[in-house]
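First up is the structure itself, then whatever we jot down about it.
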Amino acid sequence: MKKTSLLLIGFMFIFPPLWAQETPAPASLNTELPTTKPASPALQEPGSTTPTIEPVPLTPPPETTPPQILSPDLLKKQVMMSEDWPVSFVILDDDLIVEVSLNGETLPITPASTIVIKQNLHFKTGRNLYTLRAVDQAGNVSTRSFLVGYNLEEQASDEGGDDQKGWALGAVLGFYLETDDNPTLDLSSPIDVGGLSVQGVVEDSQQADQRQRFQLALSASKPNYNLFLGAAKTDYSKVDNQILGSQVMFLGGGAGIKRGDRSAWNLDLLLTDINLGGFDYAQTIGFKPNIEFSGKEGVERYRHQWGLEFATKSFASTSLTSGNQTGLFWDYRSWDPLDRYNFKFTYGQDTEGSLTSDHSYLTTQFDWANRWDAGLLFNIGFGIQYLNYKNEEPLTTQTPLGATRVDLPLLFNTALGWKLSKWTFKGTYDYRANLSNKVIYVRTLTGLAVNASF
C-alpha cells in the first residue's frame, strides 16, 4: 500500500493535472499574419528547388470602342426645302478623337474626347450624300452617312400626280441573262413526306440551265387615263427545256373617276395572249374595278386600293375547259423622292382548265426599292402564298397540310446595281421554295439585268 502511494505521488509530479497547466496568453492583435508573397531569390536557401513567381505588371486591354457620331440637325434620310442648312455634329469617345473628315475632306480639330463641329451645308438639286468619319487615338474608326434630298417635290408626283397636262409617252425595255438551277421544278434529292420517300428524276448536276428574257412596254398616260402594250419572251438554252420557253403579248389600259381630292373609282383592263414552248396556250381578259384613296404628307404620297380582280381564261387545248379567276385585293403603295414601298394582299379562286387545277389562293407580297436618279440602286421583295387544290389528292395525308393538295410557295428576291441616266445595270437573285404535300421544289435564279426607260 505504501509502495502504491509513492508511485501515485510520483506520477502526479511528472504529469500535473490539467487545471494546474498554464494557459497560453492570447495572441496579440498586432501579430503579423503569414505572408503569401513569394520569397525573394536572395532569401532562398542554396539548392532550393521551390519555384519563384515574380509579379508581372498588367497591361490594360486596347480600347476597341469606336467614336459615336450624333447630329441633332440631320436624319439618316430626309428631304430639305431650303438650299442652305446649318448643321452640327457631335462626336463622343472614351479616348481622344484625333481625326475627323466630311466627304473625304479633313476638318481642323483639337484632339479631345468630345468634339462639336458646325457646318453650313449647301444642297444641290437632287440627292446629297454626306459621310462623316472619325478616328480616335487607338485607331478605331466610325463612319455615319446622311442622305439629303433637295428640290425633289415634283419628282414625287410621277405616280398618281395631278400636275401633268396632256399625254405623256414612255417606253421601257429590259434584258435579263439568268441561271435557273431548277427550271423543271424537279426534286432529285430524296426527302421524307409524311413517312413517304419522294425523289425526282433529274439529277442535281443536270438541272441548271441558262435562260434569256426580253421585255418591251410602251405607254401613254395622262391624269385619270392610261394605255399600254408590250411583249415578253423567255428562252432556255437546253433542247430539253425549250418547251418551257414562253411568249406573252399584252394590251391594256385604265380610267378613273375622281370623287373629291382624295378618292376615285377606277377600272383597269388587261388582255394577254400566252404561248408556251412554241404553241398557243391561253388567252385571258382581265378586269379590275376598284376604289382608291390617296393622300400626301410633305413630299411623300400614298395610295390605298380595294377592289375585285376578275379574269376569263380560254385555252387552246381541247382537253382544257375555259375558266375564271376571281379575287379580292388590297393594294397599298407609298413613294417619295427617295424610295418606293408596295404591299398587296389577295384572296380568290383560280383554275388552269382542269378539275384538279381548281384552287383557292391567299397571297401576301411586299416590295421596296430606292428611287435615286443616279448611282447605287437596291431593291428587295418577299412573298408567300397558300394554295388549296380541293379536287387533287396529296402524296400522303400524314402531314399537317391536310387531306387535299396544299402548296405554300415562298419567294424572296433582291437586286443590287447602278443607274446611269436612263439605264440601270443590276445583279439579281431570286429564291423560290414550295412547301407542299404534292409538288415540292427549291429553285434559285441568279443573273444580270439591263433596263432602260425613255
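Each value in this text was obtained by applying a stated rule to the coordinates, not by laboratory testing. All figures in this text were calculated on a predicted structure; none of them were measured in a lab. Virtual Cβ from ideal backbone geometry, glycine too; neighbours counted across all protein chains shown.
Multiplying the sequence separation of Ala255 and Tyr441 by 0.36 nm and subtracting their Cα-Cα distance, what value in nm do you get?
Working: separation 186, 0.36 × 186 = 66.96 nm, distance 4.04 nm.
Value of the extension gain: 62.9 nm.
Of Pro86, Ala138, Thr114, which is farthest towards the positive pole of the range 68-151's charge dipole, taken about the Cα centre with +1 and -1 on the beta-carbons of Lys, Arg and Asp, Glu respectively?
So the residue we want is Pro86.
Roughly how many whole Å is it from the C-alpha centroid of the range 227-275 to that of the range 406-420?
The range 227-275 and the range 406-420 have Cα centres separated by 19 Å.
For a 28 Å ceiling on Cα separation, which of these pairs sit above it: Lys118/Lys422; Lys288/Lys426; Lys258/Lys419; Lys77/Lys422?
Numbers: Lys118/Lys422 37 Å; Lys288/Lys426 32 Å; Lys258/Lys419 35 Å; Lys77/Lys422 24 Å.
Violating the 28 Å limit, Cα to Cα: Lys118/Lys422; Lys288/Lys426; Lys258/Lys419.
Rounded if a/c is under 1.5, else prolate if a/b is larger than b/c, else oblate: which is the range 238-305, with a ≥ b ≥ c the root eigenvalues of its Cα gyration tensor?
On the way: a/c = 5.42, a/b = 2.48, b/c = 2.18.
Here the range 238-305 falls in the prolate category.
Work out how much length Trp368 to Gln398 would gain on full extension: take 0.36 nm times their residue separation and subtract the Cα-Cα distance, in nm to one decimal. Could you put the intermediate results ahead of the total?
Working: separation 30, 0.36 × 30 = 10.80 nm, distance 3.85 nm.
Working it through step by step, the gained length comes to 7.0 nm.
Quick check on packing: order 127-133, 254-260 by the mean number of other C-beta atoms within 10 Å, highest mean leading.
Values: 127-133: 17.4, 254-260: 13.1.
Answer by packing, highest mean first, reads 127-133, 254-260.
Length gain on complete extension for the stretch Ala168 to Asn224, per 0.36 nm per residue less the alpha carbon to alpha carbon distance? All intermediate terms of the calculation are to be shown ahead of the outcome.
Values: separation 56, 0.36 × 56 = 20.16 nm, distance 1.23 nm.
Fully extending the segment from Ala168 to Asn224 adds 18.9 nm.
Classify the range 68-151 as rounded, prolate or oblate from the Cα gyration tensor: take a ≥ b ≥ c as the square roots of its eigenvalues, call it rounded if a/c is under 1.5, otherwise prolate when a/b beats b/c and oblate if not. Kindly include the intermediate steps, with their values, before the conclusion.
Working: a/c = 2.37, a/b = 2.26, b/c = 1.05.
Verdict is prolate for the range 68-151.
How many angstrom lie between the Cα centre of the range 302-341 and the Cα centre of the range 60-138?
47 Å
Taking the Cα centre of the range 68-151 as origin, work out the dipole magnitude from +1 charges on Lys and Arg Cβ and -1 charges on Asp and Glu Cβ, in debye rounded to 20. Provide the component values of the computation, followed by the final result.
Numbers: 7 positive and 9 negative charges, 89 e Å.
Dipole size: approximately 420 debye.
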